[in-house]
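S.K.: Take a look at this one; I'll ask things after.
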Amino acid sequence: MALGGGREIGANSFYYGVGGHGILVDAGLHPEKTGWDAFPKIEALGGASVDSFLVTHAHTDHLGAVPFVLQSHPDVDLLATSETIALAQIMLQNSASLLPKQHPREVVDALTNYSLAALPETIAKFQPLELGASRELAGGDVKVTYYPSGHILGAAGILVESDGSRVFHTGDTSLHAQRIVGGAKLPHEPVDVLVSESTNGVVDAYLTHSRERELERLIETINETLAAEGSVLIPVFALGKLQEMLAMIGDAMRAGKIPTVPVYTGGMGRKISEVYDQFLMSKSRVNGLDTLSEIEQVEIPRRDGLFGGKFFREPSILLAASGMMQESTGSYLLAQRWLRLPHFAICFVGYTDPRTPGYIVSHAERGQRIRFGSMKRDVPVRCRVERFRFSAHARREELLEIVRRLQPKKVVLTHGDEKAMAAFGELILDTFPGTIVTAPEVGKWYSLSN
Ligand SMILES: [Zn+2]
């Protein structure tokens, strides 16, 4: 049963009943919704028991509702990789501090487990299950194995085996390697059921650009902007995208491909970078040679000091959260000033949901006037706005490659909008006729065994 993340990217959470054993995979917070709608529909399980609780990775849409689940299931075995546990401390702390701003009072009051004071207890409940390792559940009747899924540090796909049947849950995945995080590893033997993410299931023109070409284009844009005495704003997610972009910009500076100018990063992103540096030998990494802390960074001033930042007077590069310019974040606030400055540039480097300010800004044309978020007035678009694609998710052809390699009889599509799922589902049926493809509805039971 999908408890969230069925037919959309949201409060991702999936339940598997295997041999009388209940396994919950992930419990995320929906990034756009507020109130109880933002949480997985745990009540839909009825009396089904939750015995094991496996977290695939530390992004908020997979991890953010863990304290909520523990409130009703305090004795469940909670498993994640050591990398994910370390990242969860930072991510859950951030979610806990945002909770009162994003949700009505009655929700916040009911979540007694989700205060800053209660978090250490939640973190202490995590038991490490490392990439490449297995754990027997239900007295040995069920076996789960974590496979590196690419995407971000410590991220896992899960193979569930029971009574001769095999189900593989991809989690968020990418087969292609990024600058820091390597590509996903898959089980060598075929599986019966593949539960696959489908973020990039629809053809996207940007995905046909190679990473190398995209990087060249980004370097060109940065150079032209700095040469005109402007600064470059790169909206990023604090977990994953920031570290990847920082490493690439660090490389380019060291190689003399862009001039050495101040690079600004935010406080939370830096804490996450420290975790990346702690796990240099992680199985999810391409190599353990270089640390992010070696790249000189200046901290982005807090809210009050934001508009007095030196980056308005001296050419600089800013890696500011959030990637989709969600309201009241650094990139959202800065964009309102940035857009008015003709010699400045904003470079988007990832997916923006059509419902977010980032989408409006990233699709704006120079000379237009736009309004986004809760702004009262239009802003003229005078700066340069560019879109680049450095996806941490499998491209459409990689998603198909996963199906090709695992040869499932049944594919369950998750974590994608309806368009992406329909397009990818059709592609699977065209390429592998006879495969059964499902897109589960939240709160409904589906049988995987027949
Ligand atoms: Zn993710």
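The values are calculated or read from the model by the stated rules, or taken from the named source; none is laboratory data. In this text the structure is predicted, and so the values were computed from the model without any measurement. Because the Cβ atoms are built from the backbone with ideal geometry, glycine has one as well, and the counts that use them run over all protein chains shown.
S.K.: Kindly list the number of the only condition in (1) crowded, with 24+ Cβ neighbours inside 10 Å; (2) part of a loop (DSSP other than H, G, I, E, B) that fails for Ile23.
M.R.: Condition (2) is where Ile23 drops out.
S.K.: Still on this structure, I have one more. Determine if the range 120-135 includes at least one residue that is surrounded by 14 or more Cβ atoms within 10 Å (Cβ to Cβ) and touching a His at 6+ places or on another chain (Cβ under 8 Å).
M.R.: no
S.K.: Additional query: Within the range 399-435, can you find the residues that are without any contact (Cβ under 8 Å) to a residue 60 or more places away in the chain and under 15 Å from Ser174 (Cβ atoms)?
M.R.: Leu400, the sole residue that qualifies.
S.K.: For the list (1) at pLDDT 95 or above; (2) out of contact with any helix residue (DSSP H, G or I) (no Cβ under 7 Å at 6 or more places or on another chain); (3) over 28 Å from Gly266 (Cβ atoms), I need the number of the one condition that Leu78 fails.
M.R.: The failed condition is (2).
S.K.: Looking only at the range 273-312, count every residue that is under 21 Å from Val232 (Cβ atoms) and crowded, with 17+ Cβ neighbours inside 10 Å and tell me the total.
M.R.: So the count comes out to 7.
S.K.: Filter the range 222-244 for residues that are within 16 Å of the ligand (Cβ to nearest atom) and on the phi < 0 side of the Ramachandran plot; which is surrounded by the fewest Cβ atoms within 10 Å (Cβ to Cβ)?
M.R.: First, the residues of the range 222-244 that are within 16 Å of the ligand (Cβ to nearest atom): 236-244.
Still in the list and also on the phi < 0 side of the Ramachandran plot: 236-239, 241-244.
On the way: Val236: 28, Phe237: 23, Ala238: 26, Leu239: 28, Lys241: 25, Leu242: 27, Gln243: 28, Glu244: 21.
Filtering first and then ranking leaves Glu244.
S.K.: Continuing with this model, one more query. Any residue at all in the range 136-151 that is in a helix (DSSP H, G or I) and buried (at least 21 other Cβ atoms within 10 Å of the Cβ)?
M.R.: As a first pass, look at the range 136-151 and keep what is in a helix (DSSP H, G or I): 138-140.
Checking the rest, the ones that are also buried (at least 21 other Cβ atoms within 10 Å of the Cβ) come to none.
Taking every residue of the range 136-151 in turn, none turns out to be in a helix (DSSP H, G or I) and buried (at least 21 other Cβ atoms within 10 Å of the Cβ).
S.K.: Determine the pairs where a residue that is under 14 Å from Ala118 (Cα atoms) and without any contact (Cβ under 8 Å) to a residue 12 or more places away in the chain, located within the range 51-78, has a partner that is assigned to a loop (DSSP other than H, G, I, E, B) and within 16 Å of the ligand (Cβ to nearest atom) with Cβ atoms under 7 Å apart, the partner being 6 or more residues away or on another chain.
M.R.: none
S.K.: May I pose another question? Right, Ala2: within 16 Å of the ligand (Cβ to nearest atom) and of a type in the set (Gly, Ala, Ser) or not?
M.R.: no
S.K.: Identify all residues within the range 350-386 that are charged (D, E, K, R), at pLDDT 95 or above and either loosely packed, with under 14 Cβ neighbours inside 10 Å or in contact with a helix residue (DSSP H, G or I) (Cβ under 6 Å, 6 or more places away or on another chain) (or both); write none if there are none. Spell out how you get there, then give the answer.
M.R.: Looking only at the range 350-386, we keep the residues that are charged (D, E, K, R), and these are 353, 355, 365-366, 369, 371, 376-378, 382, 384, 386.
When the remaining residues are screened for being at pLDDT 95 or above, the result is 369, 382, 384, 386.
Correct list: Arg369, Glu386.
S.K.: Now for a separate question. Show the residue pairs meeting these rules: Cβ distance below 6 Å; 6+ apart or different chains; first residue within the range 237-254 and within 12 Å of Ile180 (Cα to Cα); second residue of a type outside the set (A, V, I, L, M) and away from the ligand (no atom under 16 Å from the Cβ).
M.R.: Pairs found: Gln243/Ser273; Glu244/Arg179; Ala247/Arg179; Met248/Arg179.
S.K.: Quick check on my filter: what residues within the range 373-398 are away from the ligand (no atom under 16 Å from the Cβ) and either in contact with a strand residue (DSSP E or B) (Cβ under 8 Å, 6 or more places away or on another chain) or under 20 Å from His169 (Cα atoms) (or both)?
M.R.: Asp378, Val379, Pro380, Val381, Cys383, Arg384, Val385, Glu386, Arg387, Phe388, Arg396, Glu397 - these are the residues of the range 373-398 that are away from the ligand (no atom under 16 Å from the Cβ) and either in contact with a strand residue (DSSP E or B) (Cβ under 8 Å, 6 or more places away or on another chain) or under 20 Å from His169 (Cα atoms) (or both).
S.K.: Turning to a different aspect of this structure: Can you pull out every residue in the range 152-177 that is assigned to a loop (DSSP other than H, G, I, E, B) and surrounded by fewer than 24 Cβ atoms within 10 Å (Cβ to Cβ)? Talk me through it step by step, then tell me what you get.
M.R.: Filtering the range 152-177 down to residues assigned to a loop (DSSP other than H, G, I, E, B) leaves 152-155, 163-164, 170-177.
Listed by number, the residues that qualify are Asp163, Gly164, Leu175, His176, Ala177.
S.K.: Can you give me the number of residues within the range 185-200 that are out of contact with any helix residue (DSSP H, G or I) (no Cβ under 8 Å at 6 or more places or on another chain), buried (at least 24 other Cβ atoms within 10 Å of the Cβ) and in a loop (DSSP other than H, G, I, E, B)?
M.R.: 0
S.K.: Mind listing just one residue for me: the one in the range 28-80 that is of a type in the set (Gly, Ala, Ser) and within 16 Å of the ligand (Cβ to nearest atom) and, of those, surrounded by the most Cβ atoms within 10 Å (Cβ to Cβ)?
M.R.: It comes out as Gly64.
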